[in-house]
Every structure is written in structure tokens, then in C-alpha cells.
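The next block holds one structure in the form of C-alpha cells; read it before the comments.
The values are calculated or read from the model by the stated rules, or taken from the named source; none is laboratory data. This one's a predicted model, so the numbers in the text were calculated from it and none came from an experiment. Don't worry about glycine lacking a Cβ; one is built from the backbone with ideal geometry, like all the others, and counts go over all protein chains shown. When the accessible area is computed, the model is the full protein with side chains, heavy atoms only, and any ligands, DNA or RNA have been set aside. Shrake-Rupley method; radii C 1.70, N 1.55, O 1.52, S 1.80 Å.
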Amino acid sequence: MDFIKKQSAGFYLTVFAILLGAAGIIAYFVNCNTDYFSNLGVNAVLVVCVILALILEVIYIIGSERDSSKLYLDVLPVAAGVLLMVGFVIFVSLRVNSIATILSFERNAQTMSDLSSAIVGMVCCLLAVIFTVISSYCNIVREK
């Protein structure tokens with residue numbers, strides 16, 4: 001119970017950003033396995049960027065719990081935010097032509113279903129970026 005009491009808003013925002021990033025990468029994998037998008041394959045750069053960002057967020061939480069005065073801890077949420085944003089931009093750039101094609105010419109129930117997982121993944125990645133940026137301004141552990 002003492003662990004929960006000493007956590008600040010930054011901890012909860014960072015955990016929420018991690019969950020959103022994980023949901024975004026899971027939605028990307030689901031989208032890569034749909035009928036419409038399966039021919040595009042999985043982009044390794046996107047996957048590495050998002051997973052590396054999530055690892056940096058976890059290291060940020062663990063490091064802040066141990067000793068929040070370390071200077072390198074201030075860089076971790078910024079680096080994680082940049083990696084998440086790169087992943088989001090790659091995700092959008094991979095899907096933008098297909099989204100336009102589906103919405104313009106190939107709109108049916110199957111393609112719209114395939115498109116929904118892409119949109120969910122993009123929104124989760126973008127929200128993870130936003131929450132990472134917000135959490136970088138907050139402390140993980142409450143001041144004593």
C-alpha cells in the first residue's frame with residue numbers, strides 16, 4: 001500500500017502511455033493480419049520504435065522509483081516520445097493510401113472492418129505520444 005501512496009500523477013500517466021502504446025502495437029499486428037492489409041506485411045522499423053519506446057518508459061519508471069535525481073532519467077521520456085511519434089508517422093504513412101482507396105472506391109463491410117483496426121492502432125499510438133509528453137512534465141514519485 002505504501003508503494004501506491006508514494007506515486008505521483010506522472011506514474012499513472014506513464015503507465016497509461018505504456019498501455020496505449022502496447023494497445024497500438026497489438027492493433028497494428030491485428031491490422032497486418034487482415035485480408036486487405038496482409039499483403040503489406042509488418043514494418044520492422046515501426047515495431048522496433050514502439051517497443052523500444054515502451055521499454056524506455058518502463059526503465060524511466062523503474063529508475064525514478066530508485067533514484068529520481070539521475071540526469072539521464074530526464075531524457076528517457078523525451079526519447080520515448082520521439083520513438084512513439086516516429087512509429088505513429090510510419091504507421092500513418094503505411095496506411096494512408098489504403099485508407100483513401102477504401103474510403104473512395106472499395107467501401108464495403110469487409111474493408112471497413114479491416115480499416116477499423118488500423119484506425120484504432122493509429123489513435124492508440126497518437127494517444128500514447130500525447131500521454132508520454134504530458135507525463136514527462138510530471139514526477140513519478142511524490143516529493144517528501
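Structure above, values below:
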{"read-out": "Count of the range 7-46 residues which are touching a residue at least 40 places away in the same chain (Cβ under 8 Å) and either under 22 Å from residue 101 (Cβ atoms) or exposed (fewer than 13 other Cβ atoms within 10 Å of the Cβ) (or both)", "value": "12"}
{"read-out": "Set 76, 127: member being touching an Asp or Glu at 6+ places or on another chain (Cβ under 8 Å), open to solvent by 20 Å² or more (accessible area, probe 1.4 Å) and either modelled with pLDDT of 95 or more or within 16 Å of residue 10 (Cβ to Cβ) (or both)", "value": "76"}
{"read-out": "Residue selected from the range 47-73 under the condition in a helix (DSSP H, G or I), farther than 15 Å from residue 20 by Cα and free of Cβ contacts under 8 Å to residues at least 60 places away in the same chain, by the criterion most open to solvent (accessible area, probe 1.4 Å)", "value": "66"}
{"read-out": "Residue that is more than 28 Å from residue 6 (Cβ to Cβ), out of contact with any Ser or Thr (no Cβ under 9 Å at 6 or more places or on another chain) and assigned to a helix (DSSP H, G or I), where the choices are 42, 82, 133", "value": "82"}
{"read-out": "Test: residue 94 is open to solvent by less than 80 Å² (accessible area, probe 1.4 Å), closer than 21 Å to residue 133 by Cβ and out of contact with any strand residue (DSSP E or B) (no Cβ under 9 Å at 6 or more places or on another chain)", "value": "no"}
{"read-out": "Only one of 24, 81, 10, 87 that is in contact with a helix residue (DSSP H, G or I) (Cβ under 7 Å, 6 or more places away or on another chain), farther than 16 Å from residue 126 by Cβ and small (Gly, Ala, Ser)", "value": "10"}
